[in-house]
Amino acid sequence: MIEKNKLYQLEIIDIGHSGEGIGRVDGFTIFVDGGIPGDLVEIKTVIVKKSYAVGRLLKVLSPSSNRTNPICSIADECGGCQIMHMDYQAQLDIKRNRVEETLKRIGKVDIHVNATLGMENPYQYRNKAQFPVGIINGKAIMGFYKKGSHQIVDTEACHIQHPINETVVKAIKEFINKYNISVYDEKTRKGLIRHVVTKVGYQTGEVMVVIITNGRELPHKESLVKLLKENVKGLRAVVQNINDKNTNVIFGKETITLFGKDTIEDYIGELKFKISAKSFFQVNPIQTKVLYEKALEYADLKGVETVFDIYCGIGTISLFLAQRAKKVIGVEVLEAAIENAIANAEINNISNAEFYTGEAEEIVPKLYAEDIKADVVVVDPPRKGCEKAVLDTIVNMEPKRVVYVSCNPATLARDIAYLHERGYIAVEVQPVDMFPHTGHVETVVKLQRQNP
Ligand code: SAH
């Protein structure tokens, strides 16, 4: 019996999807933040549930051979990068192994999984940063939340962000300190500046800075714009977003442009995208290209196919596919995302992509009932995977191939098992590292229809 508030020694044998170390004592699973496979650790149990416990890492008694010194001095405190203290190649290996093992355990699918496609330089990869803003001893602080809390860790530079953020953080701190601008306090719900969000176009170098305020009045905003213009190379847009709600959601409804445009542009491959303060865009554009090229390769299009892109978001994959297909049909539940998808098709002069707003489990069967069928299907569902109605309709449509893009190996394994039983066999599995130093893994699978 594992008891609470007791010390235990154990070996870490795996990493969970949030980057937490996993070990066992007498067969009982214990999660240990900061532990990596191969570590022998001493922990104190802080939570004990029926089927697992959570331990606080007290000491690494014998370090894993894959332990390294993270380049970030606050890596242990910050909730952002959970496995930065693990050698990068070892991170890639463990992600591959997790996909293979999950397919086997949950999906009963025994298939070799390719080596994870990683980044040449797994740093400075994020194009979007969100800094909560606070005050300590009368001075502005900006950074990231401490693991599992809303306590701000002050940061000058974040190693996984685009380096332009350093100049933004410096300028905003200077602005707050110089003009005594108040910052938002979650407890009292008073104070003005809540968050600063930056977005950077990796290929264009264009920068957008968004100031999220609790209220409309932003004193000295001309000076803020001036400071940012003087300091931030590539600055194209300064935008104020108003959020006066008591919520953890960063953005409020209303957005006001303080300087420049209200969008920046970036490319993934040859495709151009307009990015606004609130619109979704993949945060690692370099690996997004790697992932989509894999999806496109697996789709194996000859130019004559009708392709469904189910869970299409802002249509990024759809537009990639459209260049090689007769027609692409994108399906997505968020109306704002579909508006972006249509605009993105237009600015890229793509006229063979159509988009439908609604739940995939409703739209896809409806299209099929209207005799609109796919030759190839791409799905990229959220973490919970595909609804059965979606999978059933795909099977009934009898496309030649299904390309499954997944951010969650567990639901991927479940859905692949379901498709296997219905004649779609996984022939290649490729993990891609979209978020180095975190536990997340993205996977693309090619499924082929048997005995067509
Ligand atoms: N393929 C896109 C985004 C995939 S993320 C890209 O590469 O950018 C998953 C998407 O599924 C999100 O955009 C989410 O809004 C959407 N979604 C979630 N549940 C859905 C449902 N039931 N039907 C359709 N879309 C859904």
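Any idea what % of Cα-Cα pairs in the range 28-161 are farther than 19 Å? Here the tail beyond 19 Å accounts for 64 percent of pairs.
In terms of the mean number of neighbouring beta-carbon atoms within 10 Å, the peptides 199-206, 164-171, 67-74 order highest first as 164-171, 199-206, 67-74. Under the combined filter of DSSP loop state and at most 14 neighbouring Cβ atoms within 10 Å, the range 1-69 retains these GluC sites (Glu not before Pro): Glu3.
Determine the share of the chain's accessible area contributed by carbon and sulfur atoms, expressed in whole percent, with a 1.4 angstrom probe.
Details: 9950 of 20650 Å².
With neighbouring chains kept in place, the figure for the chain is 48 percent.
Taking every protein chain into account, the 1.4 Å probe leaves Asp110 with about 120 Å² of accessible area, to the nearest ten.
Per residue, the accessible area of the range 327-452 comes to 41 Å², computed with a 1.4 Å probe over protein heavy atoms only. Annotation for the range 349-429: trypsin sites (Lys or Arg not before Pro) lying in DSSP loop with at most 12 further Cβ atoms inside 10 Å of their Cβ are Arg383, Lys384. On the principal axes of its alpha-carbon atoms, the range 290-445 has extents of 37, 36, 30 Å, going from largest to smallest.
What shape does the range 7-67 have by the C-alpha gyration tensor, where a ≥ b ≥ c are the square roots of the eigenvalues, rounded means a/c under 1.5, and otherwise prolate means a/b greater than b/c and oblate the rest? It is prolate, given that a/c is not under 1.5 and a/b is the larger ratio. Each Lys or Arg adds one and each Asp or Glu takes one away; over the other residues whose Cβ falls under 14 Å from the Cβ of Ala369, this sums to -3.
Note on Asp154 and Lys388: their simple-model spin labels are 5.6 nm apart, each label 7 Å out from Cα toward Cβ. The relative contact order of the range 7-67, computed from alpha carbon pairs under 8 Å that lie at least 6 residues apart in sequence, is 31 percent.
If both residues of a DSSP beta bridge must be in the chain, then about 70% of such bridges are antiparallel. Largest first and in whole Å, the equivalent-ellipsoid semi-axes of the chain read 37, 33, 18, each the square root of five times a Cα gyration tensor eigenvalue. Longer than 31 Å from Cα to Cα, which of Lys139/Lys289; Lys146/Lys253; Lys233/Lys289; Lys278/Lys327; Lys173/Lys289; Lys49/Lys190 are they? Say none if no pair is. Exceeds cut-off: Lys139/Lys289; Lys173/Lys289; Lys49/Lys190. As a rough guide to protection, the peptides 429-437, 186-194 ranked by mean Cβ packing within 10 Å, highest first, stand as 429-437, 186-194.
Alpha carbon centre of the range 209-287 versus the range 312-367: separation in Å? If we compute the Cα centre of each part, the gap is 25 Å.
Projecting the Cα atoms of Thr167, Tyr202, Tyr145 onto the charge dipole of the range 128-268 (Cβ charges, centred on the Cα centre) puts Tyr145 farthest toward the positive pole.
Based on the alpha-carbon gyration tensor of the range 128-268 and its eigenvalue square roots a ≥ b ≥ c, which shape applies: rounded if a/c is under 1.5, prolate if not and a/b is larger than b/c, or oblate? Judged from the Cα gyration tensor, the range 128-268 comes out rounded (a/c under 1.5).
Holding the Cα-Cα limit at 18 Å, pick out from Lys170/Lys229; Lys170/Lys226; Lys199/Lys245; Lys294/Lys384 the pairs that are longer than that.
Violating the 18 Å Cα-Cα cut-off are Lys199/Lys245; Lys294/Lys384.
Annotation: amide H-H contacts under 5 Å for Arg194 (H modelled 1.01 Å from N, sequence separation of 5 or more, or interchain): Tyr184, Ile212, Thr213, Asn214. Residue by residue, the range 74-84 carries 3J(HN,Hα) couplings of 10, 3, 6, 7, 6, x, x, 9, 8, 10, 5 Hz when phi is fed to the Karplus relation 6.51 cos²θ - 1.76 cosθ + 1.60 (θ = phi - 60°); x denotes Gly or Pro. Excluding ligands, DNA and RNA, the accessible surface per residue across the range 128-268 is 48 Å² with a 1.4 Å probe. Secondary structure note: in the range 7-67, about 85% of the DSSP beta bridges are antiparallel.
Tell me which GluC sites (Glu not before Pro) from the range 51-155 have a DSSP coil assignment and no more than 12 other beta carbons within 10 Å of their own.
Listed in order of number, the matching sites are Glu120.
Under 5 Å from the amide H of Cys312 lie the amide H atoms of Val331, Glu332, each residue being 5 or more positions distant or on a separate chain, with H modelled from the backbone and absent for Pro and chain starts.
The values are calculated or read from the model by the stated rules, or taken from the named source; none is laboratory data. Values in this document were obtained by computation on a predicted structure and should not be read as measured data. No Cβ is skipped: glycine too gets one built from the backbone with ideal geometry, and neighbour counts run over all protein chains shown. These area figures cover heavy atoms from the full protein model, side chains too; ligands, DNA and RNA do not enter into them. Shrake-Rupley method; radii C 1.70, N 1.55, O 1.52, S 1.80 Å.
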